[in-house]
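Just below is one structure, and these are the notes that go with it.
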Amino acid sequence: MRKSGILLPISSLPSNYGIGAFSKEAYEFVDFLKSAGQKLWQILPLGPTSYGDSPYQSFSTFAGNPYFIDLETLVKEGLLTKQECDERQWGTHPEYVDYEKIYESRFAVLQRAFDRAFGQFGYAKKPEYVNFVKANEFWLEDYALFMAIKDANEGKSFTLWTDELRLRKESAMAECRAKYAREIEFYKFQQYLFQMQWKELKAYANKQGIEIVGDIPIYVSADSADVWANPKLFQLTEDGLPSRVAGCPPDAFSATGQLWGNPLYDWDYHKKTDYKWWMQRIAFCYELYDVLRIDHFRGFDEYWSIPYGDPTAVNGQWVKGPGYDLFATMKKVLGDKAVIAEDLGFMTDTVMELVEKTGFPGMKVLQFAFDSREESDYLPHNYVRNSVVYTGTHDNDTTLSWYSQLPKEDKALADEYLEITDTKDLEWKFIRSALGSVADTAIIPMQDYLALGGEARINTPSTLGINWKWRMKAGVTTEALAARIKKETILFGRAKAEKK
């Protein structure tokens, strides 16, 4: 069935406390999606962010970001007072996240809630909390211990800890569990609040006919509980440091390639375990999301392997990944699941064969279509039904800003293809092209529906300090906008007109 949705990160929702959250504004956005005839809400990874604030570099592949916990809900539950929330500094600009202020304020406020929860509210014996801790023990214990030790080490990467801590010597671990028992419980409590609030929001969305499209990064962060607690899963030395790291080779955009620095998987070990960790990871994702977008799909066919310590990606080499074997196991263990394969970039024959063999829909991005030098697979007349079309992704500029910077020849091609004669409603030319394409699914970034410029860009790859900050203004999801989106959605067969 043809359908469509909107891409908007949780962090980009409006809210009273500096960053988007599982607050009333999130529920209102679900209502907006429903009234606009949409079936999908695509978000970015939900994990706790580290240096650089990227959701693709998280302290854990299983944990949730405590920034998204709705403080107003905690006030209603008696775990906080409104004054305790309001007296903190959350940033002064309503359209941008001030991560430094959020970091300074969020944990202090959650600590107050924790003290009450385990004091007067008796959370230690609360069945829901006890059951949550038990059900998530396979990752939660290591994550909470990791974060408690990290705090005690002034936030330093675990690769800089003492040998006893870095290599998880049992005597050191036992000492830390006793010494930091309360801090460990605090991190478990955060995850309990996160999961309870998120699952309630997701249930509401599902009830309104909205499915959540989540995002799983292929790699985990070098400084994460995943690497620290499960060294056998990765290509590490005996000292617990990476031997090879991930990235991309040099190309027309970068003479030295991209050095991501993530530890690479020991795929031979994963295969011996029937991909147990991956099956746990993916199964956990489907508790949080309805559809899973798998990032950097090419890396499962072959990946760029760079010697650890190299300053650039130049000396890397292509190495074969697990290929279809991983996804055959996934189908066997988890059954048929809804997946979007992020198959962007240079695609070899073997990658295209892997995508086709899995049956997963690939991605089409309109902003990649208008290269006047060559015929593009991203032009709508070249799409296949089993694909997902976007005007742009979180890594792209907004359509208006991108169009304004197009080279003359490329802009002429876009103008001819989309019959653009003036800039009035320019963004709708691209939106209508996506909605009208043969692709079964179309997902449009919210910024394009709001006709925003480069100030609303989510991420500029290979840059630090300027990303993941944009927030949507309160009040812009109007009935008029919803009606217009719904009209176009119905016109192009992605929603049914209501019977009168």
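Read the figures in this text as sums done on the coordinates, not as results from a lab. Not measured: the values here are computed from a predicted model. So basically every Cβ, Gly included, is an ideal-geometry build from the backbone, and we count neighbours across all protein chains shown.
Things to note:
- Selection from Phe68, Gln89, Leu110 lying farthest towards where the dipole of the stretch 50-130 points positive, charges on Cβ: Leu110
- Dipole magnitude for the stretch 67-157: computed about the Cα centre from +1 point charges on Lys and Arg Cβ and -1 point charges on Asp and Glu Cβ, it is near 320 debye.
- Here the label points at Gln89 and Arg116, each 7 Å from Cα along the C-beta direction, are separated by 2.5 nm in the simple model.
- Alpha-carbon Rg with Dmax, taken over the stretch 152-223, Å: 18.0, 51
- Positive dipole terminus of the stretch 114-198, leading residue within Ala174, Gly122, Asn153 (C-beta point charges): Gly122
- GluC sites (Glu not before Pro) restricted to DSSP loop in the stretch 335-405 with at most 13 other C-beta within 10 Å: Glu374, Glu375
- Among the chymotrypsin sites (Phe, Trp or Tyr not before Pro) in the stretch 37-104, those located in a DSSP loop and surrounded by at most 16 other Cβ atoms within 10 Å of their own Cβ are Tyr51.
- Calculated from the alpha-carbon coordinates, the stretch 192-261 shows an Rg and a Dmax of 18.6, 51 Å respectively.
- The stretch 440-500: projected area of the alpha-carbon convex hull, averaged over directions, in nm²: 6.1 nm²
- When the C-alpha to C-alpha distance is required to be over 18 Å, the pairs from Lys34/Lys207; Lys126/Lys202; Lys150/Lys179; Lys39/Lys486; Lys202/Lys496 that qualify are Lys126/Lys202; Lys202/Lys496.
- Set of aspartates and glutamates near Lys156 by C-alpha distance (under 14 Å), chain-local residues within fewer than 8 positions excluded: Asp223
- In this structure, the amide hydrogen of Lys364, modeled 1.01 Å from its nitrogen in the peptide plane, lies closer than 5 angstrom to those of Val388, Val389, Tyr390, counting only residues at least 5 positions away or on a different chain.
- Cα gyration tensor shape for the stretch 385-487, rounded if a/c is under 1.5, else prolate or oblate: rounded
- Gyration tensor (alpha-carbon) shape descriptor, the stretch 13-161, a/c threshold 1.5: rounded
- Cα-based shape type of the stretch 286-337, given that a ≥ b ≥ c are square roots of the gyration tensor eigenvalues and the cut on a/c is 1.5: prolate
- Principal axes of the chain: Cα extent on each, largest first, Å: 70, 53, 42
- For the stretch 395-500, the set of GluC sites (Glu not before Pro) satisfying both a DSSP loop assignment and a count of at most 14 other C-beta atoms within 10 Å is given as Glu419, Glu498.
- In the stretch 79-121, the C-alpha radius of gyration followed by the widest Cα-Cα span (Dmax) gives 11.9, 37 angstrom.
- Each of Ser35, Ser11 has some number of other Cβ atoms within 10 Å of its Cβ, and from fewest to most they run Ser35, Ser11.
- In a reduced charge model with +1 at each Lys and Arg Cβ and -1 at each Asp and Glu Cβ, the chain shows a dipole moment near 1660 debye about its Cα centre.
- Whole-Å distance, taken between Cα centres, linking the stretch 343-396 and the stretch 38-53: 22 Å
- Overall shape of the stretch 122-278 was characterised from the C-alpha gyration tensor. The equivalent ellipsoid obtained from it has semi-axes of 30, 25, 15 Å, in decreasing order.
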